[in-house]
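S.K.: What follows is a structure written as structure tokens; I'll ask about it next.
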Amino acid sequence: MREKILVANWKMYKTIDEGIELAECLKEKINGRPKIIICPPFTALSNINEVLSNSELELGAQNFFYEKQGAFTGEISPIMLKDAGAKYVIIGHSERRNIFGEANELINKKLISAIENEILPIFCVGEKIEDRQAGQTENVIKRQILEGLKNMSRENVEKIIIAYEPVWAIGTGLNAKPEQASEAHKFIRETLNEMYGDKLGENITILYGGSIKEDNIEDLGKMKEIDGGLVGGASLKCDSFVTIWKKLKSAKNI
Ligand code: 13P
């Protein structure tokens, strides 16, 4: 179902106490739409889950391994995420792809496992600067989508949130222009329509991510192709994330 959503990806920031303080502040100041999903580090999941109980704010994780259990030292299973209260999980973030070597094949296994285990994926795609400069943006995104969603049914793909995060915009302070992001979102919808037919692309939530800040969310949010945002750095401070949420709300007239 296509929705307006703002996701906070805390990455490898916040101790448990710091996370609780931030989540309590967000819970107090945010209510209703756009929907909020907070993705703390694993260690704080269960505590943040407690803070968010009796609120509309939802909980997600940043990563997992696709097996239910087993001898996989250092990994976390989808069952464990659910146990800690996570309803969503980020899959295929560019930091996982580029720092930890996650390829489309592994990302595909994770997407299938998340759906099987009833955790909703936030599936990230996006090109590097060299891809864009070489005119390869659409080819790269298309390959990430085709290989990432391999063997997945239309019914299951409908449950996925997609995040377009151009790698050159992440943590750089240089966001994609609203038109650039919108073009990529449109291309993602067209690719999904080609794969699954019957306008599937129009029913999928697609978020933009990459240097979202208080001063650019309004223009990004006004684009009809963009359903919301995946926020890194600016999600770590209560006031800036609340302002981003309020501005997205007004840009979307909700
Ligand atoms: P920044 O908002 O810090 O650029 O990070 C974006 C991101 O990677 C969110 O997943």
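S.K.: With the condition being closer than 24 Å to residue 252 by Cβ and open to solvent by 50 Å² or more (accessible area, probe 1.4 Å), I'd like the helices (runs of 4 or more DSSP H) fully within segment 134-223 carrying at least 3 qualifying residues.
M.R.: Numbers: elements: 137-148, 154-157, 178-196, 217-221.
The qualifying helices (runs of 4 or more DSSP H) are 178-196.
S.K.: Looking only at segment 6-21, filter to residues that are surrounded by fewer than 17 Cβ atoms within 10 Å (Cβ to Cβ) and part of a helix (DSSP H, G or I); which one of those is nearest to the ligand (Cβ to nearest atom)?
M.R.: 18
S.K.: Look through segment 107-133, keep the residues that are open to solvent by 20 Å² or more (accessible area, probe 1.4 Å) and under 19 Å from residue 169 (Cα atoms), and return whichever of them is nearest to the chain's Cα centre (by Cα).
M.R.: Checking each candidate, the answer is 128.
S.K.: Of all residues in segment 196-225, how many are among the hydrophobic types (A, V, I, L, M, F, W, C) and under 20 Å from residue 1 (Cβ atoms)? Can you show your working first?
M.R.: Taking segment 196-225 first, the residues among the hydrophobic types (A, V, I, L, M, F, W, C) are 200, 204, 206-207, 212, 217, 220, 223.
From what's left, under 20 Å from residue 1 (Cβ atoms): 200, 204, 206-207, 223.
Matching residues across segment 196-225 total 5.
S.K.: Of the conditions (1) within 16 Å of the ligand (Cβ to nearest atom); (2) free of Cβ contacts under 8 Å to residues at least 60 places away in the same chain, residue 27 clears all except one; give me its number.
M.R.: That leaves (1) as the condition not met.
S.K.: What are the pairs with Cβ atoms under 8 angstrom where one residue, in segment 163-186, is free of Cβ contacts under 8 Å to residues at least 24 places away in the same chain and the other, located anywhere, is near the ligand (Cβ under 10 Å from one of its atoms) and open to solvent by 50 Å² or more (accessible area, probe 1.4 Å)? Sequence gap at least six, or different chains.
M.R.: Qualifying pairs under 8 Å: none.
S.K.: Okay, next question. Can you tell me which residues in segment 60-106 are crowded, with 20+ Cβ neighbours inside 10 Å, under 16 Å from the mean Cα position of the chain (by Cα) and part of a loop (DSSP other than H, G, I, E, B)?
M.R.: Once the filter is applied, which keeps residues that are crowded, with 20+ Cβ neighbours inside 10 Å, under 16 Å from the mean Cα position of the chain (by Cα) and part of a loop (DSSP other than H, G, I, E, B), segment 60-106 yields 62, 63, 64, 86, 92, 93.
S.K.: Continuing with this model, one more query. Kindly evaluate residue 47 against the criterion of being away from the ligand (no atom under 16 Å from the Cβ), at pLDDT below 95, more than 25 Å from residue 111 (Cα to Cα) and not in a strand (DSSP E or B).
M.R.: Numbers: away from the ligand (no atom under 16 Å from the Cβ): yes; at pLDDT below 95: no; more than 25 Å from residue 111 (Cα to Cα): yes; not in a strand (DSSP E or B): yes.
Spelling it out, it is not the case that residue 47 is away from the ligand (no atom under 16 Å from the Cβ), at pLDDT below 95, more than 25 Å from residue 111 (Cα to Cα) and not in a strand (DSSP E or B).
S.K.: Okay, next question. Mind listing just one residue for me: the one in segment 195-223 that is touching a residue at least 24 places away in the same chain (Cβ under 8 Å) and of a type in the set (Lys, Arg) and, of those, nearest to the ligand (Cβ to nearest atom)?
M.R.: Of everything passing the filter in segment 195-223, 213 is nearest to the ligand (Cβ to nearest atom).
S.K.: Might you check whether a residue that is of a type in the set (D, E, K, R), closer than 23 Å to residue 218 by Cα and touching a strand residue (DSSP E or B) at 6+ places or on another chain (Cβ under 8 Å) occurs anywhere in segment 29-50?
M.R.: Keep residues of segment 29-50 that are of a type in the set (D, E, K, R), which gives 29, 33, 35, 50.
Okay, now just the ones that are also closer than 23 Å to residue 218 by Cα, so 29, 33, 35.
Okay, now just the ones that are also touching a strand residue (DSSP E or B) at 6+ places or on another chain (Cβ under 8 Å), so 35.
For segment 29-50, residues of a type in the set (D, E, K, R), closer than 23 Å to residue 218 by Cα and touching a strand residue (DSSP E or B) at 6+ places or on another chain (Cβ under 8 Å): present.
S.K.: Give segment 1-20 a look and list any residue that's closer than 15 Å to residue 43 by Cβ and out of contact with any Phe, Trp or Tyr (no Cβ under 9 Å at 6 or more places or on another chain), or say none. Outline the logic, then answer.
M.R.: Step one: list which residues in segment 1-20 are closer than 15 Å to residue 43 by Cβ, which gives 10-20.
Answer for segment 1-20, where residues must be closer than 15 Å to residue 43 by Cβ and out of contact with any Phe, Trp or Tyr (no Cβ under 9 Å at 6 or more places or on another chain): 10, 11, 12, 13, 14, 15, 16, 17, 18, 20.
S.K.: Yes or no: segment 124-142 includes at least one residue that is within 13 Å of the ligand (Cβ to nearest atom), at positive phi and among the small types (Gly, Ala, Ser). Please lay out each step first, then the result.
M.R.: We begin by selecting, within segment 124-142, every residue within 13 Å of the ligand (Cβ to nearest atom); these are 124-126.
Now restrict to residues that are at positive phi: 126.
Still in the running and among the small types (Gly, Ala, Ser): 126.
Looking through segment 124-142, at least one residue is within 13 Å of the ligand (Cβ to nearest atom), at positive phi and among the small types (Gly, Ala, Ser).
S.K.: Here is a further query. Identify the single condition in (1) surrounded by fewer than 22 Cβ atoms within 10 Å (Cβ to Cβ); (2) more than 13 Å from the ligand (Cβ to nearest atom); (3) in contact (Cβ under 8 Å) with a residue 40 or more places away in the chain; (4) closer than 19 Å to residue 124 by Cα that residue 233 does not satisfy, given that it satisfies every other one.
M.R.: (2)
The values are calculated or read from the model by the stated rules, or taken from the named source; none is laboratory data. Bear in mind that the values here come from a model prediction, so they are computed numbers and not experimental data. Backbone-built Cβ (ideal geometry, glycine too); neighbour counts: all protein chains shown. We work out accessible area using only protein heavy atoms, side chains counted, and drop any ligands, DNA or RNA first. Shrake-Rupley method; radii C 1.70, N 1.55, O 1.52, S 1.80 Å.
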